[in-house]
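**Q** Quick one: structure below, then a few questions.
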Amino acid sequence: MSKQNRSPNEAPAKKKIDVRNSVIMDWAQILMMAFIVVFGFIRPFIAEPYKIPSGSMENTLFNGDMVLVLKFSYGAKLPATSTRLFDFRGPQAGDVFVFSPKHSPLEHFIKRVVATPGDTIASDGSPLLINGKRLLNEEYAKPLPYANNEPFLNKNSGSHFPPFRSHPSLVPYYLEQPDAWKSVQEFIEREEVEAQLLDEEPTAMTMENGTNYRLRIGAKGREYDRRIPVKEYYIVEASNRIGRIMRGVLYQNTKTMGWTFARGRPYRSIPEDAAFKVPDRHYFAIGDNRLNSQDSRAWGPVPYDVVKGKAVWIYWSNDPNAPRRSLRRWIRFDHIKPIMNRYGTLEP
């Protein structure tokens with residue numbers, strides 16, 4: 001039908017577009033493949049960025065730093081498992097690494113390795129004692145304040161040991177490891193208890209001596225390690241009729257169905273002869289800012305299974321407290337650099 005003979009109600013035929021062969025589909029496929037490669041391969045297995053939220057690693061890392069973490073440095077960890085591919089080298093003393101501790105599996109921590117499996121670590125203040133020898137020349141550690149030419153050692157500040165400072169969050173994973181328990185039993189007390197439940201959660205417990213305690217649950221966690229016969233655990237505050245209050249962790253053994261309550265002893269100092277031995281496949285990690293760091297001194301050594309990777313580069317650094325109108329002060333250009341994985345020297 002010619003244009004002259006077309007009726008008024010007829011519309012011209014539209015050109016059919018083959019979406020499968022269009023430029024849009026080509027770009028969609030490219031972007032999809034890039035998304036899969038970056039988020040499905042590079043991020044789980046190769047590298048991942050992390051932001052530093054606190055000053056616990058000063059003066060190596062500052063609040064506001066963005067660091068790149070190589071996840072294959074200690075072998076590529078398969079997601080949702082403890083299996084590592086190409087696991088040729090574990091963390092070494094001096095490495096700065098990222099991990100998610102067992103007591104807080106959804107958070108990421110970054111610290112420096114100061115002792116590896118089999119090492120003993122202790123302190124009579126500062127510096128640290130590794131296998132009975134003082135660790136000197138720790139330029140990476142933030143200097144401690146001095147008074148009267150002597151290091152200022154505040155027993156409540158964290159510059160002292162013990163490695164376990166009355167911390168209630170040592171989860172069953174660590175308490176139930178035979179080799180780990182030998183190291184921690186000097187600092188932690190635990191005993192079998194009878195628990196009373198309401199809606200499958202503990203509300204009270206009876207100690208071995210018959211004393212009853214009411215429970216207030218502060219947090220609830222879950223253990224994912226299949227080698228440990230424990231699932232849910234509870235960080236609780238227990239109180240009795242005469243006003244005694246204890247804080248600790250309550251958990252049930254899924255094989256024996258028995259309940260255990262573990263509490264930390266409120267140590268403030270520790271003699272040199274009570275050194276802590278790092279268990280197999282664990283690493284003792286401390287923040288470079290020794291006076292202001294929650295680390296292995298509070299919640300124990302880091303299991304290899306929860307290590308994410310090695311921090312290698314500060315690729316961005318800004319001071320969150322500086323005014324943004326001052327670009328030179330807001331962006332710390334001189335701090336964008338590789339992360340030095342350093343360690344002190346042991347005295348002869």
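The values are calculated or read from the model by the stated rules, or taken from the named source; none is laboratory data. Bear in mind that the values here come from a model prediction, so they are computed numbers and not experimental data. Here Cβ is always computed from backbone atoms with ideal geometry, including for glycine, and neighbour counts include all displayed protein chains. When the accessible area is computed, the model is the full protein with side chains, heavy atoms only, and any ligands, DNA or RNA have been set aside. Shrake-Rupley method; radii C 1.70, N 1.55, O 1.52, S 1.80 Å.
**Q** Hey, among the residues in the range 207-251 that are open to solvent by 70 Å² or more (accessible area, probe 1.4 Å), among the charged types (D, E, K, R) and in a loop (DSSP other than H, G, I, E, B), which one's modelled with the highest pLDDT?
**A** Restricting to residues being open to solvent by 70 Å² or more (accessible area, probe 1.4 Å), among the charged types (D, E, K, R) and in a loop (DSSP other than H, G, I, E, B), the top hit is E208.
**Q** For E201, work out the one condition from (1) touching a strand residue (DSSP E or B) at 6+ places or on another chain (Cβ under 8 Å); (2) under 16 Å from E176 (Cβ atoms); (3) surrounded by fewer than 16 Cβ atoms within 10 Å (Cβ to Cβ); (4) not polar (S, T, N, Q) it doesn't fulfil.
**A** (2)
**Q** A further question on this structure: Can you tell me which residue is nearest to E138 (Cα to Cα) among those in the range 290-303 that are assigned to a helix (DSSP H, G or I) and under 11 Å from the mean Cα position of the chain (by Cα)?
**A** S296
**Q** Going residue by residue through the range 50-73, is there one that turns out to be outside any loop (DSSP other than H, G, I, E, B), in contact with a Ser or Thr (Cβ under 9 Å, 6 or more places away or on another chain), buried (at least 17 other Cβ atoms within 10 Å of the Cβ) and at pLDDT 90 or above?
**A** Step one: of the range 50-73, the residues outside any loop (DSSP other than H, G, I, E, B) are 50-51, 65-70.
Next, from what is left, pick out any that are in contact with a Ser or Thr (Cβ under 9 Å, 6 or more places away or on another chain): 65-66.
Filter again for buried (at least 17 other Cβ atoms within 10 Å of the Cβ), leaving 65.
Then keep just the ones that are at pLDDT 90 or above; that gives 65.
Yes, there is a match, as at least one residue in the range 50-73 is outside any loop (DSSP other than H, G, I, E, B), in contact with a Ser or Thr (Cβ under 9 Å, 6 or more places away or on another chain), buried (at least 17 other Cβ atoms within 10 Å of the Cβ) and at pLDDT 90 or above.
**Q** Does R342 meet the test of being in a loop (DSSP other than H, G, I, E, B), at pLDDT 85 or above, in contact with a Gly (Cβ under 6 Å, 6 or more places away or on another chain) and surrounded by fewer than 20 Cβ atoms within 10 Å (Cβ to Cβ)?
**A** Spelling it out, R342 is indeed in a loop (DSSP other than H, G, I, E, B), at pLDDT 85 or above, in contact with a Gly (Cβ under 6 Å, 6 or more places away or on another chain) and surrounded by fewer than 20 Cβ atoms within 10 Å (Cβ to Cβ).
**Q** If K310 meets every condition in (1) open to solvent by 10 Å² or more (accessible area, probe 1.4 Å); (2) modelled with pLDDT of 80 or more; (3) in a loop (DSSP other than H, G, I, E, B) apart from one, which number is that one?
**A** For K310, the exception is condition (3).
**Q** Mind checking whether some residue in the range 278-289 is under 23 Å from E48 (Cβ atoms), modelled with pLDDT of 90 or more and in a loop (DSSP other than H, G, I, E, B)?
**A** yes
**Q** Go through the residues of the range 142-164 one by one and say whether even a single one is open to solvent by less than 20 Å² (accessible area, probe 1.4 Å) and modelled with pLDDT of 85 or more. I'd like the intermediate steps shown before the answer.
**A** As a first pass, look at the range 142-164 and keep what is open to solvent by less than 20 Å² (accessible area, probe 1.4 Å): 158-159, 161-164.
After this cut, where a residue has to be modelled with pLDDT of 85 or more as well, the list is none.
There is no residue in the range 142-164 that is open to solvent by less than 20 Å² (accessible area, probe 1.4 Å) and modelled with pLDDT of 85 or more.
**Q** Would you confirm, using the coordinates I've provided, whether R281 is surrounded by 14 or more Cβ atoms within 10 Å (Cβ to Cβ), touching a strand residue (DSSP E or B) at 6+ places or on another chain (Cβ under 7 Å) and basic (K, R)? Explain how you work it out, then say what you get.
**A** On the way: surrounded by 14 or more Cβ atoms within 10 Å (Cβ to Cβ): yes; touching a strand residue (DSSP E or B) at 6+ places or on another chain (Cβ under 7 Å): yes; basic (K, R): yes.
So R281 passes the test.
**Q** Also, I was wondering about something else. So which residues in the range 77-92 are at pLDDT 65 or above and either in contact with an Asp or Glu (Cβ under 8 Å, 6 or more places away or on another chain) or polar (S, T, N, Q) (or both), if there are any at all?
**A** The answer is Q92, and nothing else.
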